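Asker: Here it is, the structure, as C-alpha cells.
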Amino acid sequence: MDNTFKFESKQKTFLLGGMALGLLCLAITFLTDDSLHTRFWTNYLHNVTFFTGISFMSMFILSAFLIAWAGWYTYFKRVWEAMTQFMIVGLVLMLPVVAGVWLGFHRLYHWADADSVAGDEILQWKSSFLNPTTFTIASVLIVAIWYFFANAFRKSSLAEDQGDGSYDQNKRQTVLASIFLPIAGFSSAAVIWQWIMSIDAHWYSTLFAWYCGASWFVSAIAITILLLIYLRGKGYYSDLNASHLHDLGKYLFAFSIFWTYLWFSQFMLIWYANVGEETVYFQTRRDEYPALFFLNLGINFLIPFFVLMRNDTKRKAGTMAFVAGIVILGHWIDYFLMIKPGALHTAHELMGHAHSATADAAHAGEHHSTILAGFHYPGLLELGTMLGFLSLFLYVFFNQLAKAPLIAKNDPYLEESLAHHIEPPYTDTF
Amino acid sequence: MAATVNKEVLYGVYDDEEILLDAIKEAKRAHLEIWDVFSPFPVHGLDPLLGLSESRLHIAGFIYGAIGTLTAFLFMTWVFTRDWPMIFGGKPYWSVPSFIPITFELTVLFAAVGMVVSFYIVNGQGPGVNNAILDERITDDKFIIAFSVNNYSEEEKEKLSQFLSGTGASEVLTKEMPA
C-alpha cells in the first residue's frame, strides 16, 4: 500500500454526519435546558476538555518517547503527530467558555460569579488564581504554547522527510521535546485546575491534576490502538505487527493501573481525614451517582487489569479493540463525574429556589428523589454530543494524517521500529 | 561412596548472540544434540530454537499474588471485626478502603517472594548451593553452546570441534563437570 493516507469522501460524509448529530444534540440540549443552560454548557466543556486533553497527551507521548530514545513507535508516529493538531481546534472551542467567564452567559464556574464571590470567604481567598484573567491565560496562552510546540515538532518531522538522512531534524525535535516536557508538566496542571477542578470551586485536591492527566493519557493510548487497528484494516501500515500492539497494550494496562492508583490515593486520603470541605466531593458522587461511581472503577480498572494481564490478549486486535473501546467510554464517564455534580451544585446555588429543570435536579440530588438524564447519568443527548465531538476529532485527525506521508522515512529510529518483533512461538500478525 | 562419572563437556565460545543463534540453527540442521546453551542475558528467540516451552512462573506468580490478596484482606477483616475490633477515626470496624494499601503490599510481597523461591527450587539454585560453572565468562560477555561428549569417540569430538569453529566460535574448549 502506498505511503499516503487518502481521506475518502465516504469517511468524510460519515464524520460530517456524526458532527451534524452532535450539533443537533447540542441544539436540542440548549433549547430544552433551564435558564442557565447548565446541561448544554457542561456537555460542551466535558467534551472539549476530554478531546483537547487526548490531543495534548499525544504530544506529551511523542516528546517523552523521543527523550527516552525509544524507537519502537517510530513507524506509526505520524498518527500521534496528526492527533496533536486537534489542539488548535480545542483552543478555538474553548473560546466561548472563556468569553462566558467574562460575560457571564454560562454559569459553569462558581468563582466567576461576582455576587457569589462577594459573600464567600473561600472564593475570595482563591480569587488570585480563580479569576477570568488567569482562566483566559490558562485556556488561550498555555494551549497556544502547547500547539506551538506540537506544530514546530511536526514541521521538523516533515522536513526530515525531505532531508538527506542527517540527524539535524532529529536533534531539533529532541530540543523541542525537552523544552516542551517541563512546560507541559507544570502547565497542564494549571489548565486542569482551571478547566475542571475549579468547577467544584470550594474544593481542591493536590492530586487532581495527575489523576485527570492520567485519564487523558489512557484515553489517548486507547484511541491510538483503535485508530491503528482501523488503519491497518484499511491496508495502511502493513508492517505494523503484534509487538507494536503488544507495547501499546502494556501502556494501556500500566496507565489504567496508574489511573486507579491516583484515583484511590485521592479518595483514601480524603475519606480517612474526613474533613467536611474535602469529603463533600466524594460524598456527593457516591451517594447521588452510585452506579457511575462504581462503574467508573469497574470499567477503568477491573476490565483492563484482568483482560490485559496475560501477554497473548495484548497481541490480538479483537481483545485490544474491546478493551480500548471500553476504556475510552470509561474515562469519558470519569470526566462526566468530574464535571456534572459540581456544575449542578453551582446552578442550584445561583438559581436559589427557582423552579427549573436544573434547580429541580439539584434539589432532587439533595433529597434523593428524582434522577435526571444529563445530570445524574449520561442521557442520549450526552452520547450524541460525544459522538459529534468524536467525529470532529477524527475528522481533524484524518485530515491532518492525509497531509503527510504515513511513514517518516528518514527518522533514524525507523529501522529499529521495523525490526520490533519477537521470535516464534509469537506471531507478528494480529 | 559410589563413583560418579564426571560429565565431559565440549563447548564453543561465541562473541555475539546473532552468531550464536545462527550456530544453533546450523547444529539443528546437522541433527547435533545440544546439551545446553549459556548466555549472560536473555537472547530473543533462543527458547523456541532449543524447544523450551514457555515458563509457567508467571502463572505461579498470579496464584501467589492472589493468596497474598486474600491473606491480607481476610486477616484484617478477622482482626478488626472478630478478634480485636477497634474504632479508628470514627470509621466502621470493617473499613475496606483502609485495608487496600496493605492488601496491595502483601499481594506484591507474596508474588515476588513466591516467584523467587519457586525459581530457586526449580533450578536448584539459591543461597548455600554451590553450582559448578562451565566457564566464568558466561556471566560477562560470552555465549556458549555446550555438548555432552562422554559417549563420543575421539573422531566425533574432532568433528564437533570443527563444526563449532566453522560456525563462528572464537574458542573450542573441553571441561570435566561434576555430574
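The values are calculated or read from the model by the stated rules, or taken from the named source; none is laboratory data. Every value quoted in this text rests on a predicted model; they were computed, and no experiment measured them. Here Cβ is always computed from backbone atoms with ideal geometry, including for glycine, and neighbour counts include all displayed protein chains. The protein model used for the area step is the full one, side chains on, heavy atoms only, and it has no ligands, DNA or RNA in it. Shrake-Rupley method; radii C 1.70, N 1.55, O 1.52, S 1.80 Å.
Asker: Could you name every residue in region B:96-128 that has 10 Å² or more less accessible surface in the full protein assembly than in its own chain alone (probe 1.4 Å, ligands and nucleic acids excluded)?
Answerer: B:97, B:98, B:100, B:101
Asker: Now for a separate question. In whole Å, what are the extents of region A:1-143 along the principal axes defined by its C-alpha atoms, from largest to smallest?
Answerer: 64, 40, 17
Asker: Could you put B:142, A:12, A:314 in order of accessible surface area, largest first, with the 1.4 Å probe and the full protein assembly present?
Answerer: Highest to lowest solvent-accessible surface, that is A:12, B:142, A:314.
Asker: Further, regarding this structure: What list of ³J(HN,Hα) couplings, whole Hz, do you get for region A:6-13 from phi and the Karplus terms 6.51, -1.76, 1.60, once you set θ to phi - 60° and write x for glycine and proline?
Answerer: So the J values, rounded to whole Hz, are 9, 7, 6, 5, 5, 5, 4, 4.
Asker: Using a 1.4 Å probe on protein heavy atoms, which residues of region A:267-292 have at least 50 Å² less accessible area in the complex than alone?
Answerer: SASA drop of 50 Å² or more in region A:267-292: A:271, A:272.
Asker: Still on this model: Determine Rg/Rh for chain B; Rg is computed over alpha-carbon atoms and Rh is the Kirkwood hydrodynamic estimate from the same atoms.
Answerer: Result: Rg/Rh = 1.24.
Asker: Of A:55, A:248, A:413, which is farthest on the positive side of the dipole of chain A, counting Cα position, with +1 on Lys and Arg Cβ, -1 on Asp and Glu Cβ, and the Cα centre as origin?
Answerer: A:413
Asker: Leaving ligands, DNA and RNA out of it, report the carbon-plus-sulfur percent of the accessible area of chain A at a 1.4 Å probe.
Answerer: Carbon-and-sulfur percentage of accessible area, whole number: 67.
Asker: Follow-up question, since we're still on this one. How big, in percent, is the set of alpha carbon pairs in region B:57-122 lying more than 13 Å apart?
Answerer: Pairs farther apart than 13 Å: 64 percent.
Asker: Got the relative contact order for region A:251-348 handy, in percent, Cα pairs under 8 Å and 6 or more residues apart?
Answerer: Over region A:251-348, the number comes to 33 percent.
Asker: Give me the base-10 log of I(q)/I(0) for region B:22-75 at each q in 0.12 Å⁻¹, Debye formula, one uniform scatterer per Cα, rounded to two decimals.
Answerer: Here the Debye-derived log intensity ratios amount to -0.49.
Asker: Work out the charge dipole of chain B with +1 on the Cβ of Lys and Arg and -1 on the Cβ of Asp and Glu about the Cα centre, then indicate which of B:79, B:115, B:165 is farthest towards its positive end.
Answerer: Comparing the listed Cα positions along the dipole, B:79 ranks first.
Asker: A follow-up question, please. Chain pair A, B: how much accessible area is buried, both chains summed, with a 1.4 Å probe, in Å² to 100?
Answerer: 1100 Å²
Asker: What are the semi-axes of the equivalent ellipsoid for region A:259-345, taken as the square roots of 5 times the Cα gyration tensor eigenvalues, largest first, in whole Å?
Answerer: In descending order the semi-axes read 30, 15, 8 Å.
Asker: Each residue of region A:137-154 in order: what ³J(HN,Hα) in whole Hz does its phi give by Karplus 6.51 cos²θ - 1.76 cosθ + 1.60, θ = phi - 60°, with x for Gly and Pro?
Answerer: 4, 4, 6, 9, 5, 5, 5, 5, 5, 4, 5, 4, 5, 4, 5, 4, 4, 5
Asker: A follow-up question, please. Amide H neighbours of residue A:4 under 5 Å, at least 5 residues apart or on other chains, H built in the peptide plane: list them.
Answerer: Hits under the 5 Å cutoff: A:406.
Asker: How big is the protein assembly as shown in terms of Cα radius of gyration and Dmax, in angstroms?
Answerer: 30.0, 103
Asker: Mind grabbing the accessible area of residue A:171 for me, 1.4 Å probe, Å², rounded to tens?
Answerer: Counting only protein heavy atoms, the figure is 130 Å².
Asker: Whenever you get a sec, line up A:113, B:22, B:36 from highest to lowest accessible area (probe 1.4 Å, protein heavy atoms).
Answerer: Descending accessible area places them as B:22, B:36, A:113.
Asker: Determine the order of A:199, A:422 by accessible area, beginning with the largest, at a probe radius of 1.4 Å.
Answerer: My answer, sorted largest first, is A:422, A:199.
Asker: Expressed as a whole number of Å, what is the distance separating the alpha-carbon centroids of region A:1-75 and region A:282-312?
Answerer: Cα centres, region A:282-312 to region A:1-75: 23 Å.
Asker: I want the local charge near residue A:104. Using Cβ-Cβ distances under 15 Å, sum +1 for each Lys or Arg and -1 for each Asp or Glu among the other residues.
Answerer: -2
Asker: How well do other chains shield peptide B:43-49, expressed as the mean number of their Cβ atoms within 10 Å of each residue Cβ?
Answerer: 3
Asker: Oh, and also: Considering every residue in A:308-315, what mean count of other chain Cβ atoms within 10 Å of its Cβ is obtained?
Answerer: Average neighbour count from other chains, rounded to a whole number: 1.
Asker: Could you provide, to the nearest whole Å², the per residue accessible area of the protein assembly as shown with probe 1.4 Å?
Answerer: That works out to 48 Å² per residue.
Asker: Okay, moving on. Just how far, in whole angstrom, is region A:219-273 from region B:78-120 if you go by their alpha carbon centroids?
Answerer: Computed from Cα coordinates, the inter-centre distance equals 29 Å.
Asker: Residues of B:85-91, mean number of Cβ from any other protein chain within 10 Å of their own Cβ, rounded to a whole number?
Answerer: The per-residue average across the peptide is 1.
Asker: In terms of modelled amide H atoms, which long-range or inter-chain residues lie less than 5 Å from the amide H of residue B:8?
Answerer: Amide H neighbours of residue B:8, under 5 Å, 5+ apart: B:149, B:150, B:177.
Asker: Next question. Quick one: compute the contact order of region B:57-122, relative version, from alpha carbon pairs under 8 angstrom and 6+ residues apart, as a percent.
Answerer: Dividing the mean separation by the residue count of region B:57-122 yields 56 percent.
Asker: A further question follows. Quote the relative contact order of region A:9-395 in percent (integer), defining contacts as alpha-carbon pairs under 8 Å separated by 6+ residues.
Answerer: 27 percent.
Asker: Continuing with this model, one more query. Quick one: how many Å² of residue A:92 are accessible to a 1.4 Å probe, rounded to 10?
Answerer: Counting only protein heavy atoms, residue A:92 exposes about 80 Å² to solvent.
Asker: Structure shown: which of B:28/B:157; A:171/A:234; B:142/B:175; A:77/A:250; A:316/A:340; A:6/A:316 lie over 28 Å apart, alpha-carbon to alpha-carbon?
Answerer: A:171/A:234; A:316/A:340
Asker: How much solvent-accessible surface does residue A:137 expose, in Å² to the nearest 10, with a 1.4 Å probe and all protein chains in place?
Answerer: Only protein atoms counted, so the area is about 80 Å².
Asker: Could you work out the helix-only [θ] at 222 nm for chain A, with each DSSP H run of four or more residues adding -39,500 (n - 2.57) and the total divided by the number of residues, to the nearest 500 deg cm²/dmol?
Answerer: -23500 deg cm²/dmol
Asker: Right, something else. Expressed as a whole percentage, what fraction of the accessible surface of region B:57-122 belongs to carbon and sulfur atoms when a 1.4 Å probe is rolled over the protein heavy atoms?
Answerer: 82 percent
Asker: Could I ask something else about it? Against the longest alpha carbon principal axis of chain A, how many degrees, from 0 to 90 and to the nearest 10, is the axis of helix A:242-273 turned?
Answerer: Once rounded, the angle reads 20 degrees.
Asker: Shifting gears a bit: What are the ³J(HN,Hα) couplings of region B:75-81, residue after residue, when phi is run through the Karplus curve with 6.51, -1.76, 1.60 and θ = phi - 60°? Round to Hz, x for glycine and proline.
Answerer: Coupling constants for region B:75-81: 4, 5, 4, 5, 4, 8, 10 Hz.
Asker: May I ask for the equivalent-ellipsoid semi-axes of region B:95-179, computed as the square root of five times each C-alpha gyration tensor eigenvalue and listed largest first in whole Å?
Answerer: 47, 15, 11
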